[in-house]
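> Okay, handing you the structure first.
The values are calculated or read from the model by the stated rules, or taken from the named source; none is laboratory data. In this text the structure is predicted, and so the values were computed from the model without any measurement. As a convention, Cβ positions derive from the backbone with ideal geometry for all residues, glycine included, and neighbour counts pool all protein chains shown. SASA here: full protein model, heavy atoms, side chains in, ligands and nucleic acids out. Shrake-Rupley method; radii C 1.70, N 1.55, O 1.52, S 1.80 Å.
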Protein chains: 2
Amino acid sequence: MKKILVLGAGLSCSTLIRNLLENSTKHSWKVRVGDISEETAKKKIGAHKNGEAFSFDVFNQEQRCNEIKAADIVVSMLPASMHHMIADSCLNHKKNMVTASYVSDEIKNKDEEARKKGILILNEIGVDPGIDHMSAMAVIDRVKESGGELTAFRSNTGGLVAPKSDNNPWNYKFTWNPRNVVVAGQGSAAQIIVNSTYKYIPYHKLFQRIERTEIKNYGEFEVYMNRNSLKYRQSYGLEDIPTMIRGTMRRPGFCKAWDVFVQLGATDDTYTLENSENMTYRDFINTFTKYEEGKNLEEKVRKYLNIHEESIVMYKLRWLDIFKDKKIGLKNATPAQILQKILKEKWTLGKDEKDMIAMQHKFEYNLEGKNKRITSSLVVEGEDDIHTAMSITVGMPVAIAVKLILTGKIKETGVHIPVKKTIYKPILKELEEYGIKFIEDKETLA
Amino acid sequence: MKKILVLGAGLSCSTLIRNLLENSTKHSWKVRVGDISEETAKKKIGAHKNGEAFSFDVFNQEQRCNEIKAADIVVSMLPASMHHMIADSCLNHKKNMVTASYVSDEIKNKDEEARKKGILILNEIGVDPGIDHMSAMAVIDRVKESGGELTAFRSNTGGLVAPKSDNNPWNYKFTWNPRNVVVAGQGSAAQIIVNSTYKYIPYHKLFQRIERTEIKNYGEFEVYMNRNSLKYRQSYGLEDIPTMIRGTMRRPGFCKAWDVFVQLGATDDTYTLENSENMTYRDFINTFTKYEEGKNLEEKVRKYLNIHEESIVMYKLRWLDIFKDKKIGLKNATPAQILQKILKEKWTLGKDEKDMIAMQHKFEYNLEGKNKRITSSLVVEGEDDIHTAMSITVGMPVAIAVKLILTGKIKETGVHIPVKKTIYKPILKELEEYGIKFIEDKETLA
């Protein structure tokens, strides 16, 4: 029996582990799942005879070495900062390794060593990053092979709520780490290139400079720019492309309302508020407005940010209870932490509600003197609150990659992200069989 | 002869060294000035018989120890990060020390040791910090002693251009470190308290939420908030004051125009622009605007930031040449570095031009049931391009403090900033004799 070692059994691992176990009898696999909480690992395994759960501490070097030594392949679903420790042990014991996280410079630097030892460290093989790379490269390679020249590439992804569960005025619920949603876009300016002109968008303009798009059967979405749209030009072989934009999808109207929090300063995570524990939601919002004797808060916010009284933005804000006298109850909290608490009360996915992953690429290219466009769209809805769209789209590419490596269908060595045809082609094929399939539209532009 | 050791002989030291030398014969002082450049130190000394210039390297421990050992008092005018090394040597050799910089935590922690050894480390004895502390404490103590209760304190300072040299549409020129002007206000939100309500102002709103004030004979100014207005509540004994605001003064219209750069993202210092060397000023501004086929840049900026075509803001912007096709010529530059270069070409004080320091405190207090206000204002104009207002107002309080310590008029020990009456009173008195004098206005409020 081949041994698959899965390290980390958090929310995003449900579908990954289920799929590995489902295939385990046919392929004669043992699936050993370690998590800091043995309980969490056990839950994911259930009663499956090929599953083993154990308590795993990444900082216990002996355990780490022994487990990895005994495995045939290692899947690290631990927090991103821990992968390099796993990678070191995998290199020591010559084991292939798979992660869904962004490849760090630390891991990138192990490429030569991995090649020499004949092992593969495959990173960014979840959804975003992961499915985005593979589905984009499939079209990019196809266009290039047909003799086309790419002139523009837009790539957008959103973790959203499925239409059936979409029942609030923001058309949004948390389906992933809420903290990342609250601080999204902070730091340096977003960088894009449009018709060969670099454009830099500071955080306080990010949710105002949005684009719009549509997915068949799912209607309209809006898109705000990701921090760095440019860094994939090289990995995708698009060094000279005149237009490249990567963004995050939300439902129409979200960005305009979210921008209120950005403008107020309520998403700031760099300082703590005096006496936050005893403040109310209303005090919290008031702290970002001017002191004006006798004016009511809603009026001050509207005037300050130029929002019309009947605007749907005010409706969205009121619905969050931010103008209510509810106690915050968080000590020494940053604005971002307080906002996250307020939002969690309203944006949490209910027990029977489903999430949705939407992804869309738009490729513009010139072929035989004609300008053409391919629009490639994917929507995946969750099965339930365990096998969410997030868990499915992160877990399935990982599970398929593990199978293809174990069965010798993927033979690469070194440190990789899935932009090579030898890697993305067989994985995309199996994803399609599983129902994770992009729909393509082709147009010739005027 | 007593030996005064001055370490650092940069721009801000001209008046300090001149004053020490002027007093040296009367008091029988030797003034030894060390700078990393002996040339710089020599220039400041001139031909004065009581002056000695030498090349000083703060990282040469032997030299540092020998020089400090041989001195009677040490004035550190080095970059702020170097003071703690000087302080350590001063403690070792039991020498008093004076600096014009903000007291660091590292130096604060030496308070007990300094007390035990009977020496004084006096910090923040320049203009801001320095004259601001002393002049504020003089009024605060007086109001308290008269039985008044302070209800509001506003304290504003500006390094500006003197009216006679004020000949550009911004009514502003660099009179101090240009870099600090370009990045002013970045980082965490500005924090103020207004009628017992904490208010936090994010950077992208800082230059929109300004106050206005007036100084007799000098006209109107506008004020944007400093990063942290609250930290001096404790040092000033104003823990419970309902309103406290510290700000920076500019001439009317400056903030609205400066806000254009903030909104564009042109003051960002956290990333570098691709190909900055070959960009023009016009390209630089364009990089922060939307891509819009066939629209001219000025029109895009106006539309993006909602500026009227005939607005004085556009006049200010045009005057800076930011819409011109001039080459930037800086490699791998951040937006802030490029903006600084553009501004330096226009905002540099000419050879015969004079700068100006403006400072104003407003104290509101309740005395015997009546609400009163004291407005205390200071304006100092520079003598020339060497003895600038900046050099005078930084140097004179330092020079006076040195004299008062050497002559035993200031007897404190420990680590201090000048908020104690025993320190500020004799220094303010001598500053007045030198012409650095606050004008007070008293009003009873309705």
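> Have a look at A:SER155, A:SER165, A:SER188, A:SER146 and point out the one that is over 12 Å from the mean Cα position of the chain (by Cα) and modelled with pLDDT under 95.
From the options A:SER155, A:SER165, A:SER188, A:SER146, the qualifying one is A:SER188.
> What number of residues within segment A:261-278 satisfy the criterion of being of a type in the set (Phe, Trp, Tyr), within 15 Å of A:LEU330 (Cβ to Cβ) and more than 10 Å from every other protein chain (Cβ to nearest Cβ)?
Counting residues in segment A:261-278 that are of a type in the set (Phe, Trp, Tyr), within 15 Å of A:LEU330 (Cβ to Cβ) and more than 10 Å from every other protein chain (Cβ to nearest Cβ) gives 0.
> Going through segment A:46-73 one residue at a time, which ones are open to solvent by less than 50 Å² (accessible area, probe 1.4 Å) and aliphatic (A, V, I, L, M)?
A:ALA53, A:VAL58, A:ILE68, A:ALA71, A:ILE73 - these are the residues of segment A:46-73 that are open to solvent by less than 50 Å² (accessible area, probe 1.4 Å) and aliphatic (A, V, I, L, M).
> I'm told B:SER155 meets every condition in (1) polar (S, T, N, Q); (2) surrounded by fewer than 18 Cβ atoms within 10 Å (Cβ to Cβ); (3) farther than 21 Å from B:LYS316 by Cβ except one. Can you identify the failing condition by its number?
(2)
> When the residues of segment A:326-342 are narrowed to those that are touching a helix residue (DSSP H, G or I) at 6+ places or on another chain (Cβ under 7 Å) and touching a residue at least 60 places away in the same chain (Cβ under 8 Å), which ends up surrounded by the most Cβ atoms within 10 Å (Cβ to Cβ)?
Among those that are touching a helix residue (DSSP H, G or I) at 6+ places or on another chain (Cβ under 7 Å) and touching a residue at least 60 places away in the same chain (Cβ under 8 Å), it is A:LEU339.
> Return the only residue of B:ILE386, B:ILE436 being in contact with a Leu (Cβ under 9 Å, 6 or more places away or on another chain), in a loop (DSSP other than H, G, I, E, B), β-branched (Val, Ile, Thr) and surrounded by fewer than 16 Cβ atoms within 10 Å (Cβ to Cβ).
B:ILE386
> Please enumerate the residues belonging to segment A:401-433 that are over 15 Å from A:ILE121 (Cα atoms) and either of a type in the set (A, V, I, L, M) or surrounded by 22 or more Cβ atoms within 10 Å (Cβ to Cβ) (or both).
Hits for segment A:401-433 are A:ILE427, A:LEU428, A:LEU431.
> Among the residues of segment A:122-131, is there at least one that is more than 18 Å from the chain's Cα centre (by Cα), outside any helix (DSSP H, G or I) and at pLDDT 95 or above?
No, there is no match, as no residue in segment A:122-131 is more than 18 Å from the chain's Cα centre (by Cα), outside any helix (DSSP H, G or I) and at pLDDT 95 or above.
> So, one more: Can you tell me which residue in segment B:239-248 is most open to solvent (accessible area, probe 1.4 Å), limited to those that are touching a helix residue (DSSP H, G or I) at 6+ places or on another chain (Cβ under 7 Å) and outside any strand (DSSP E or B)?
B:GLU239
> What are the residues in segment A:221-238 that are open to solvent by 20 Å² or more (accessible area, probe 1.4 Å), more than 14 Å from chain B (Cβ to nearest Cβ) and under 20 Å from the mean Cα position of the chain (by Cα), if any?
Of everything in segment A:221-238, those that are open to solvent by 20 Å² or more (accessible area, probe 1.4 Å), more than 14 Å from chain B (Cβ to nearest Cβ) and under 20 Å from the mean Cα position of the chain (by Cα) turn out to be A:ASN226, A:SER235.
> Given the conditions (1) buried (at least 17 other Cβ atoms within 10 Å of the Cβ); (2) of a type in the set (S, T, N, Q); (3) in contact with a helix residue (DSSP H, G or I) (Cβ under 7 Å, 6 or more places away or on another chain), report the number of the one that A:GLN360 does not fulfil.
Result: A:GLN360 fails condition (3) only.
> Continuing with the same structure: Among the residues that make up segment A:168-175, is at least one of them open to solvent by 20 Å² or more (accessible area, probe 1.4 Å), of a type in the set (S, T, N, Q) and modelled with pLDDT of 95 or more?
Yes, there is a match, as at least one residue in segment A:168-175 is open to solvent by 20 Å² or more (accessible area, probe 1.4 Å), of a type in the set (S, T, N, Q) and modelled with pLDDT of 95 or more.
> Taking the criterion of being surrounded by 15 or more Cβ atoms within 10 Å (Cβ to Cβ) and part of a loop (DSSP other than H, G, I, E, B), would at least one residue in segment B:24-34 satisfy it?
Checking segment B:24-34: not a single residue is surrounded by 15 or more Cβ atoms within 10 Å (Cβ to Cβ) and part of a loop (DSSP other than H, G, I, E, B).
> Follow-up. For segment B:239-276, enumerate the residues that are under 21 Å from the mean Cα position of the chain (by Cα) and basic (Lys, Arg).
B:ARG246, B:ARG250, B:ARG251
> Out of all the residues in segment B:305-330, which are closer than 17 Å to B:GLN208 by Cβ and small (Gly, Ala, Ser)?
Passing the criteria: only B:SER311.
> Which of the residues belonging to segment A:155-188 are within 13 Å of chain B (Cβ to nearest Cβ) and in contact with a Lys or Arg (Cβ under 8 Å, 6 or more places away or on another chain)?
Scanning segment A:155-188 gives A:GLY185, A:GLY187, A:SER188.
> Continuing with this model, one more query. When residues of segment A:281-302 are filtered for being in a loop (DSSP other than H, G, I, E, B), surrounded by 15 or more Cβ atoms within 10 Å (Cβ to Cβ) and more than 11 Å from chain B (Cβ to nearest Cβ), how many remain?
Adding up the residues that qualify gives 0.
> Ok, one more. When segment A:79-108 is examined, which residues are found to be surrounded by fewer than 18 Cβ atoms within 10 Å (Cβ to Cβ), within 22 Å of the chain's Cα centre (by Cα) and outside any helix (DSSP H, G or I)?
Selection gives A:PRO79, A:TYR102, A:SER104.
> While we're looking at this one, here's another question. Of all residues in segment B:259-279, how many are surrounded by fewer than 16 Cβ atoms within 10 Å (Cβ to Cβ) and without any contact (Cβ under 8 Å) to a residue 60 or more places away in the chain?
Going through segment B:259-279 one residue at a time, the tally reaches 4.
> Give the residue, chosen from A:GLU214, A:GLU149, that is without any contact (Cβ under 8 Å) to a residue 40 or more places away in the chain and away from every other protein chain (no Cβ under 14 Å).
A:GLU214
> In the list B:LYS409, B:LYS425, which residue meets the criterion of being out of contact with any strand residue (DSSP E or B) (no Cβ under 9 Å at 6 or more places or on another chain) and assigned to a loop (DSSP other than H, G, I, E, B)?
Only one candidate passes the filter, namely B:LYS409.
> In segment A:183-218, how many are farther than 26 Å from A:LEU264 by Cα, open to solvent by 30 Å² or more (accessible area, probe 1.4 Å) and not aromatic (Phe, Trp, Tyr)?
6
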